[in-house]
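The values are calculated or read from the model by the stated rules, or taken from the named source; none is laboratory data. In this text, all values refer to a predicted model and were calculated from it rather than measured experimentally. Here the Cβ positions follow ideal geometry from the backbone for every residue, glycine too, while neighbour counts run over all protein chains shown.
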Amino acid sequence: MTIDIIRRLFVCIIVCLLQVLVFDRIWLFDVATPLMVVYFIIALPRGYPRWGALLWSFFLGLAVDMFRNTPGVTAASLTIIGMVQPYLIELFLPRDAEPDIKSSARSLGVWHFLCLAAILVIIFCLVFFALETFTFAAWLYALECAGASALLTLALIMAFETVRK
Amino acid sequence: MQNLIAFFTKNFHWLLFLFLELVCVVLLFRYNSYQGSVWVSSANAVVGKVYEWQSSVGQFFSLEERARQLTDENIALQQQLSHVRQELLDLKGDSALADSMMQDVIGELHLLPAKVVSNSLRRPDNLLTIDRGRADGVLPDMGVVSGTGLVGVVYMAGEHYSVVMPLLNVHSRVSCAIRNHGYFGYMSWDGSSAIDAFMEDVPRHAQFDTGEWVETSGYSDIFPPGITIGQITAIGNSADGLSYRLRVKLNTDFSTLREVSIITDDTFPERLQLLKAARDSMAVAN
């Protein structure tokens with residue numbers, strides 16, 4: 001358990017740094033930015049304690065927010081994903097799935113994993129951009145950003161899945 | 001009672017979820033109020049340090065370009081200086097007096113050099129982080145300038161890092177004037193282009209042309225008059241049609257901004273306290 005937490009903490013820090021130092025610099029066609037922090041929550045295995053998933057998502061979101069100077073925006077949207085992921089993964093399990101099956105393209109099947117990731121990424125991007133443009137009256141632009149960013153994030157997640165063990 | 005405990009145990013994750021979302025909402029609203037928490041921003045020490053490392057890597061690779069820019073700025077400043085010196089000399093006819101007058105003007109400004117460690121351009125609420133904080137005498141509401149002109153105003157100050165609200169922020173308002181004409185207004189940004197901002201509230205009777213320069217007006221405690229902001233590129237009308245709205249091409253390139261200076265002043269804390277006291281007394285009176 002302790003080793004798992006330390007390992008996850010290490011991955012969490014790497015994901016956070018990659019997001020703020022690398023992915024946040026990518027801004028394609030003035031609308032699309034990869035929001036790869038959501039990948040950390042999507043990849044949580046089945047049967048992971050729900051309170052654990054919530055705490056991971058909240059603190060990872062908060063850490064990213066500190067760097068982006070947007071307190072609450074990433075944390076709120078990622079916590080929603082942390083809440084939804086354990087329920088949603090149940091819908092995409094193969095037959096006779098183990099209770100602690102990994103959430104990956106290899107164990108769930110590419111199509112099932114793609115559907116799971118797509119739903120979670122779309123929810124995350126919609127909430128994220130809605131909150132980010134909260135005081136800014138450009139809803140159509142926010143919707144464009146959410147759609148384009150979801151597409152880019154999903155493409156990158158699937159690319160990472162091909163090299164993940 | 002046991003049922004109640006069983007209910008809470010069973011639905012603990014829902015309660016935790018609601019609690020965490022509540023914390024997020026509080027953070028969101030705190031951020032919207034002026035001067036939110038320094039701890040959940042890039043003004044905190046850990047985040048500032050990480051950005052500083054990243055920035056130093058970036059700076060290393062752009063040293064040659066920076067050296068060229070600084071040389072260009074130096075030459076332009078030297079030309080301006082000799083021009084001003086000549087004008088002063090023509091007016092006063094005494095070189096020693098002219099020199100001492102210039103020293104007086106420069107002496108009033110205390111500039112604290114700082115490095116930009118993080119910068120964003122694409123959000124409506126762009127902020128940048130600099131590597132100076134309260135320990136160096138930086139306080140919120142101090143002005144920030146660069147070699148090419150105005151940058152913004154200190155928004156939050158941590159112990160060693162500060163967050164600056166640049167001109168490229170939809171909430172930014174800086175009092176400005178058209179150079180050599182004196183017509184004043186305020187600079188604002190609409191969240192679109194990172195190279196243009198708008199000068200609002202310019203009176204209808206004002207006489208000026210495109211290509212003229214916009215500078216700080218000095219009608220605030222934050223900036224002294226005469227700091228370059230940009231050049232007028234288009235003249236339009238305000239939404240209510242009562243004043244002009246000018247498109248201004250910013251002289252500062254925010255995408256390559258590395259070195260800035262904070263305008264500090266020994267009397268700043270005293271003035272800030274006085275202003276706060278005046279506001280408080282007005283609030284009580286209302």
Which one of these is acidic (D, E) and exposed (fewer than 15 other Cβ atoms within 10 Å of the Cβ): B:E212, B:E259? B:E212
Taking A:Y87 as meeting all but one of (1) surrounded by fewer than 19 Cβ atoms within 10 Å (Cβ to Cβ); (2) touching a residue at least 40 places away in the same chain (Cβ under 8 Å); (3) hydroxyl-bearing (S, T, Y), write down the number of the exception. (2)
Scan segment A:56-93 residue by residue and report those that are at the interface with chain B (Cβ under 8 Å from one of its Cβ atoms), outside any helix (DSSP H, G or I) and either of a type in the set (V, I, T) or closer than 16 Å to A:I119 by Cβ (or both). A:T70
Limited to segment A:22-44, what total is found for residues that are surrounded by fewer than 17 Cβ atoms within 10 Å (Cβ to Cβ) and either at pLDDT 90 or above or touching a strand residue (DSSP E or B) at 6+ places or on another chain (Cβ under 9 Å) (or both)? 1
Do we find that B:T148 is touching a residue at least 60 places away in the same chain (Cβ under 8 Å), outside the structural domain of B:S261 (by TED's automatic domain parsing) and surrounded by fewer than 23 Cβ atoms within 10 Å (Cβ to Cβ) in this structure? no
Which condition number in (1) modelled with pLDDT of 85 or more; (2) within 14 Å of chain A (Cβ to nearest Cβ) is the one that B:S120 fails? (1)
Among the candidates B:D190, B:D240, B:D221, B:D209, single out the residue that is in a loop (DSSP other than H, G, I, E, B), among the acidic types (D, E) and within 19 Å of B:L168 (Cβ to Cβ). B:D190
Please list, ordered by first then second residue, the pairs with beta carbon atoms under 9 Å, 6 or more apart or interchain, first in segment B:5-23 and more than 11 Å from chain A (Cβ to nearest Cβ), second of a type in the set (A, V, I, L, M, F, W, C). B:F8/B:L15
